[in-house]
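Notes follow the structure.
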Amino acid sequence: MSSIKIQKICCIGAGYVGGPTMSVIADKCPDIQINIVDINKERINLWNSPDLNNLPIYEPGLDKIISRCRNKNLHFSTDIEKNIAKADMIFISVNTPTKTKGLGAGKASDLKWVESSARQIAKFAEGYTIIVEKSTLPIRTAETIKNILITSNQNKYKEKDSLQRFDILSNPEFLAEGSAINDLENPDRVLIGGENKKAINALKDIYLEWVDESKILSTNLWSSELSKLIANAFLAQRISSINTVSALCEQTGADISEVSLAIGSDKRIGKYFLEAGPGFGGSCFKKDILCLTYICQHYGLSQVSKYWEEVIEINNWQKKRITNLVIEKLFGTISQKKIAILGFSFKGNTNDTRESPAIDICKELLEEDCYLSIYDPKVSVKQISIDLEKPCTEPNKIINQAGKWSFSRSIMDASKNADAIIILTEWEEFKTIDWSQIAVNMRSPSWVFDTRSIADLNEAKSQGLNTWRVGNG
Ligand code: UDX
Ligand code: UDX
């Protein structure tokens, strides 16, 4: 076989990973036709929406790429069969949530979508096809995919032919939401795990269109699959570590931002991922650590498993610690009080709320019978209702609204008559809040709790507000 030139790509899964990743590949490789398919018709319709404000995910810079490439070499559709059939390379970018029931419930990743994707590929793929695992997967999933591909009774080819017809690569995605386009355009590294050199090179050639060769690492399949889990576990561990230190700073008079700067200036430690906050969220960290602990237990490494479990325990503790602290500062009760929540997404610059610390914190506060007015520049009222498992209430009827919440369209609106403001996401606009206006808008004594160290609390204090910042002793 001579070198393989990819002309048609199919990506199964038009989510936070599949959408931006394929958009950047389409933008950088105009000669490749890319079809993103998804079983969710509503999502595909949004991707095809003429109004770019309606794209199903918010990601800075994504709209510009979509307007350049959509319907040229980037297509969104629900026609899975046809697009699998004509592809030379198929990316699997479906979700892999934590299993909610059965063996490994609460820890193991649920691979039913990956498995169904593999079955669809076995059934519809034509000719030689390279399968790329994009979703984060437990180590040795490629083996499962391969088994399905070659043994599926829906596969029209003989087992021997199937072995030659498919190659499987692992190419984990390291993009972070909110900076996905920049991360994809300027990756620290691209990781490709596989067995067949020609297949690896076919994928490598795609990245070489914009990524320097020195940044493209090729490894065996298992190292690649495991590296993604470990990268996320290490990042999450740093956040849990710095969050433990934030509590110590609050007790001792040290300041977490100064400590982060001081330790991060050591090259061996590095300055990134040292921002204390309300706890990490997002679709990956918790799920991937749970998956890692499950794998460790499977291999009898209970000590290793316990070590990583603690990263999640500390994350839960930090969320709870912040909730309790707010209650304590408000004289031990928040019943019938109004609290403004600024930011609901799990981090700034995204509308994604998966595992957002705001969900647990808001739920706990509502349990204490307060009234929440929630403002987030990008998260929809519908999404917040789903996450809090409670419908939104009319904002003007504050009396007897214990345990209810309303949706606000501005910071002013959210803070009107509020006893406290809690900043939970680092949205840019929270940096420049006009505290003189907010102070007269709130009910005294009023508090500002900044869990992201983003607001100008000196200014808030000078306007007579009580302030608290994470890790500020
Ligand atoms: C991510 C990553 O792919 C994974 O690595 C990470 O571990 C968690 O999920 P993401 O893009 O963030 O995926 O998930 P999501 O936004 O839920 O998108 C997945 C898409 O796949 C959904 O739109 C879903 O409808 C689609 N899907 C799922 C299919 O098209 N076919 C299926 O069989 C299952
Ligand atoms: C993460 C990984 O960074 C990315 O490489 C992987 O592909 C997917 O998972 P993501 O979850 O999108 O990306 O965002 P990330 O920037 O890692 O933030 C995760 C959570 O950690 C957020 O809730 C964020 O607010 C929090 N965080 C991050 C901190 O609390 N402090 C920090 O210093 C950094």
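Where a number appears in this text, it was derived from the coordinates with a stated rule and is not lab data. Predicted model only: the values in this text are computed from it and were never measured. Cβ atoms come from the backbone with ideal geometry, glycine included; neighbour counts cover every protein chain shown.
Assorted remarks:
- Cα-derived Rg to Rh of the chain, Kirkwood definition: 1.00
- Flagged links, alpha-carbon separation over 20 Å, of Lys82/Lys123; Lys41/Lys347; Lys329/Lys363; Lys287/Lys431: Lys41/Lys347; Lys287/Lys431
- Using alpha-carbon coordinates, inclination of helix 302-329 to the longest axis of the chain, degrees: 30
- For Ser109, residues with placed amide H under 5 Å, excluding near neighbours: Lys99
- Extended-chain gain in nm, criterion 0.36 nm per residue less alpha-carbon gap, Thr252 and Trp317: 21.5 nm
- Note on segment 267-308: Kirkwood radius taken over Cα pairs, Stokes-Einstein applied at 20 °C and 1.002 mPa s, translational D equal to 176 µm² s⁻¹.
- Karplus (6.51, -1.76, 1.60) ³J(HN,Hα), θ = phi - 60°, over segment 427-433, in Hz, Gly and Pro reported as x: 6, 3, 5, 6, 6, 10, 4
- Between Val304 and Ser462, the contour length at 0.36 nm per residue exceeds the Cα-Cα span by 52.0 nm.
- Scanning residues 5 or more positions from Asn417 or on other chains, those with amide H under 5 Å from its amide H are Met442, Arg443, with H placed 1.01 Å from N in the peptide plane.
- Trypsin sites (Lys or Arg not before Pro) within segment 160-246: DSSP coil, no more than 14 neighbouring Cβ in 10 Å: Arg189
- Taking other residues whose beta carbon is less than 10 angstrom from the beta carbon of Val37, and scoring Lys, Arg as +1 and Asp, Glu as -1, yields -2.
- The H on the amide N of Leu372, modeled in the peptide plane, is under 5 Å from the matching H of Ile339, Lys404, Trp405, Ser406, each at least 5 residues off or on a different chain.
- Percent breakdown of C-alpha pair distances by 5 Å bin, ordered from the shortest bin, for segment 314-461: 2, 10, 22, 26, 23, 14, 4, 0
- Over 30 Å (Cα to Cα) - which of Lys390/Lys416; Lys86/Lys382; Lys99/Lys204 fall in this group: Lys86/Lys382; Lys99/Lys204
- Within the chain, percent of DSSP bridges classed antiparallel, to nearest 5: 5
- Aspartates and glutamates whose Cα lies under 15 Å from that of Lys306, excluding same-chain neighbours fewer than 8 positions away: Asp288
- Spatial separation of Cα centroids for segment 9-26 and segment 301-332, in angstrom: 35
- Computed extension gain for Glu364 through Arg189, at 0.36 nm per residue and net of the alpha carbon distance, reaches 59.0 nm.
- Net charge contributed by nearby residues that have their C-beta within less than 12 Å of Lys363 (K/R +1, D/E -1): -3
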